[in-house]
């Protein structure tokens, strides 16, 4: 009898549906906060990278497209992507862009006009004005436009590195992965200083794309 896959191996469906829903109604972008807070909570609570290793639907989607469908060149990612300076530099840049997105939301909350556009790769503004957002507060809609742009941008970057290198090469420099690894290392360092031996390990960037 064929063994059934565990439920979490189907989370790629969530990522695919999320990106699709955002096209029809930008307000669904708020669901992406699940992928923002859950990894952090798991790393703080459990002290490991269980989300990245088991529950990341985006990583599973890249694995499916690049592995099963053969859209990846299956080449090891370049060393600079795995370097600490690049990963933390990209995290800093990514969070700066996230902060600017929050500032734009604040401006709309303060009375500025709603900008019905999704910014791709932090440069290209894609008009997204076919969706009726009149039933939501302008600031709520503005956050959705901005956050969907962040999620779409990271997906595009992931797809590019999936094609050029191994399927989950995005995981090597994913900002969430970098943050959860940092939290995990800090938590274990604190445990070690208190005389408690760590039972789990934080993994490395190289493990992500094996």
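Per-structure values
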{"quantity": "Relative compactness, the chain, computed as alpha-carbon Rg over 2.2 N^0.38 Å", "calculated": "1.10"}
{"quantity": "Residue-span extension gain [residue 93 to residue 164] - 0.36 nm each, minus C-alpha spacing", "calculated": "23.3 nm"}
{"quantity": "Length gained when the stretch residue 5-residue 25 is fully extended (0.36 nm per residue, less Cα-Cα span)", "calculated": "4.0 nm"}
{"quantity": "Computed E for residue 40/residue 109 - FRET, C-beta separation, R0 22 angstrom, nearest 0.05", "calculated": "0.35"}
{"quantity": "Whole-angstrom Cα spans of region 102-167 along principal axes, big to small", "calculated": "45, 24, 17"}
{"quantity": "Between region 100-143 and region 64-98, the alpha-carbon center distance in angstrom", "calculated": "27 Å"}
{"quantity": "Added length on full extension, which subtracts the Cα-Cα distance from 0.36 nm per residue, residue 124 to residue 76", "calculated": "14.4 nm"}
{"quantity": "Backbone N within region 140-158 under 17 Å of label point (7 Å from residue 64 Cα along the Cβ vector)", "calculated": "155-156, 158"}
{"quantity": "Inter-label distance for residue 186 and residue 117, nm, one decimal - labels placed 7 Å from Cα along Cα-to-Cβ", "calculated": "3.6 nm"}
{"quantity": "Convex hull volume of region 8-64 per residue (C-alpha atoms, cubic angstrom)", "calculated": "64 Å³"}
{"quantity": "Cα gyration tensor category, rounded, prolate or oblate, for region 29-92 with a/c compared to 1.5", "calculated": "oblate"}
{"quantity": "Rg/Rh (Cα only; Kirkwood hydrodynamic radius) as it applies to region 35-137", "calculated": "1.04"}
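Computed from the coordinates by the stated procedures, all read-outs in this text should not be read as laboratory data. Owing to the predicted nature of the structure, the values given are computational and were not obtained by experimental measurement. When we count neighbours, we look across all protein chains shown, and the Cβ atoms used for this are built from the backbone with ideal geometry, even at glycine.
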